[in-house]
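A quick write-up on the structure given underneath.
The values are calculated or read from the model by the stated rules, or taken from the named source; none is laboratory data. Note that the coordinates shown come from a computational prediction; the quantities given were computed from them, not determined experimentally. Virtual Cβ from ideal backbone geometry, glycine too; neighbours counted across all protein chains shown. Heavy atoms of the whole protein, side chains included, go into the accessibility calculation; ligands, DNA and RNA do not. Shrake-Rupley method; radii C 1.70, N 1.55, O 1.52, S 1.80 Å.
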Amino acid sequence: MRLNGEISIANVDDDDDGDGERKENELGLIRSPTPTAPPTRLVVGYALTSKKRQSFLQPKLLALARSKGILFIAVDVKQPLSDQGPFDVVLHKLAGKEWSQMIEDYGQKNPNVTVLDPPDAIEHVNNRQSMLEDVADLNLPDYYGRVTVPRQLVFTTDPSSIPHEVTKEGLKLPLVAKPLVVDGSAKSHELFLAYDKVSLAKLEPPLVLQEFVNHGGVLFKVYIIGEFIKVVRRFSLPDVCKRELSKIAGVFPFPRVSCASASADGADLDPKVAELPPSPLLEMLARELRLRLGLQLFNIDIIREYGTRDLYYIIDINYFPGYGKMPDYEHIFTEFLLSLEQSKYEKVLVA
């Protein structure tokens, strides 16, 4: 297939000189202009870690974005943002108070620039205590299912007090132990499963202890990009029976079970386990969380309690997750960026 503007002319020299042009004219042929990329209509400045750049800014995304007039430009974090650009959108996922202050100041001085997302809103979901508070307070109608969070306790100091506090609050074993703060490091994603109370004193605060809920070994990872929603299945931890619980003691690490390599889509699963949460429920949940969290880019990890049809638990929320693992993320993300500019245009018309 030829690109627009490429033509084949017989008996014409390859040399691009005046004589060649005269011969073309004598044949009644006019050379089409050299094809060019569409004019850029949206400039996205990005400030991402090297790992996030590699996983997110894949060649397929960049090529599709260019074809739609979207240009991604790296932000120099060592220089003032006001000296760079101009940007229509600033996409970022970096840690540190200095950067957060820089991006917050930039957003206040440039209200027409879309900042994805506000640093204070990101900080809210980087804490596993505060991230689920908004879910617990949702009080959604239960037409399509009930959504809640597992019971949990937070410990910031003195691990020796953990067994006593767990007994006092009546948390049931086994318990999932997670670092309190999600800072993007590998350590912040280290998860443990505790089978007995005595071993809890071996854990290292600050951490969150969350009751483990049997869920058929499958979780639903719900990706949210603005108003776009995509849900995929991932293999998770197997269920724990009471007989097994009585025979096992200790605290055991387990891998990140929700990664793309653990995909359960297409696997031969019990239909009752594999059935996705109802779309109306996910749409309602995503809409309410977008408003409460003040975020456009996040994902929710949801499980369905085994043996029930409509009792769901949100166990984690992640800001700017690994969209590169999500099917068709390139198309969804470019459409999202274009929708942001369309919204700005519509607001100007209304004003």
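Inspect all residues belonging to region 81-95 and state whether any of them is under 33 Å from the mean Cα position of the chain (by Cα), surrounded by fewer than 12 Cβ atoms within 10 Å (Cβ to Cβ) and modelled with pLDDT under 95. Break it down stepwise before answering.
First, the residues of region 81-95 that are under 33 Å from the mean Cα position of the chain (by Cα): 81-95.
Among the residues that remain, those that are also surrounded by fewer than 12 Cβ atoms within 10 Å (Cβ to Cβ) are: 83, 86.
Filter once more, so that each one left must be modelled with pLDDT under 95: 83, 86.
Taking every residue of region 81-95 in turn, at least one turns out to be under 33 Å from the mean Cα position of the chain (by Cα), surrounded by fewer than 12 Cβ atoms within 10 Å (Cβ to Cβ) and modelled with pLDDT under 95.
Can you tell me which residues in region 154-172 are part of a loop (DSSP other than H, G, I, E, B), in contact (Cβ under 8 Å) with a residue 12 or more places away in the chain and surrounded by fewer than 16 Cβ atoms within 10 Å (Cβ to Cβ)? Before you say what the answer is, go through the steps one by one.
So in region 154-172, the residues part of a loop (DSSP other than H, G, I, E, B) come out as 156-158, 170-172.
Right, trim to in contact (Cβ under 8 Å) with a residue 12 or more places away in the chain and you get 156-158, 171-172.
Result: T156, T157, D158, K172.
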Identify the single condition in (1) of a type outside the set (D, E); (2) open to solvent by less than 40 Å² (accessible area, probe 1.4 Å); (3) at pLDDT 95 or above that M131 does not satisfy, given that it satisfies every other one. (3)
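I'm checking my understanding of the structure. Among residues of region 103-152 that are charged (D, E, K, R) and in a loop (DSSP other than H, G, I, E, B), which one is nearest to L297 (Cα to Cα)?
Filtering region 103-152 down to residues charged (D, E, K, R) leaves 104-105, 109, 117, 120, 123, 128, 133-134, 137, 142, 146, 151.
Checking which are in a loop (DSSP other than H, G, I, E, B) leaves us with 117, 128, 137, 142, 151.
Numbers: D117: 7, R128: 17, D137: 21, D142: 25, R151: 26 Å.
Filtering region 103-152 for residues that are charged (D, E, K, R) and in a loop (DSSP other than H, G, I, E, B), the one nearest to L297 (Cα to Cα) comes out as D117.
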Quick check on region 114-144: of everything there that is within 30 Å of G45 (Cα to Cα) and of a type in the set (G, A, S), which residue is nearest to the chain's Cα centre (by Cα)? A121
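Can you find a residue in region 293-305 that is on the phi > 0 side of the Ramachandran plot, open to solvent by 20 Å² or more (accessible area, probe 1.4 Å) and not β-branched (V, I, T)? Break it down into steps so the answer makes sense when it comes.
Step one: filter region 293-305 for residues on the phi > 0 side of the Ramachandran plot, giving 294.
Applying the additional criterion that residues be open to solvent by 20 Å² or more (accessible area, probe 1.4 Å) yields 294.
Remaining after also requiring not β-branched (V, I, T): 294.
Within region 293-305 (the criterion being on the phi > 0 side of the Ramachandran plot, open to solvent by 20 Å² or more (accessible area, probe 1.4 Å) and not β-branched (V, I, T)), the answer is yes, since at least one residue qualifies.
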Only one of these is modelled with pLDDT of 95 or more, surrounded by 14 or more Cβ atoms within 10 Å (Cβ to Cβ) and over 19 Å from the mean Cα position of the chain (by Cα): F192, F212. Name it. F212
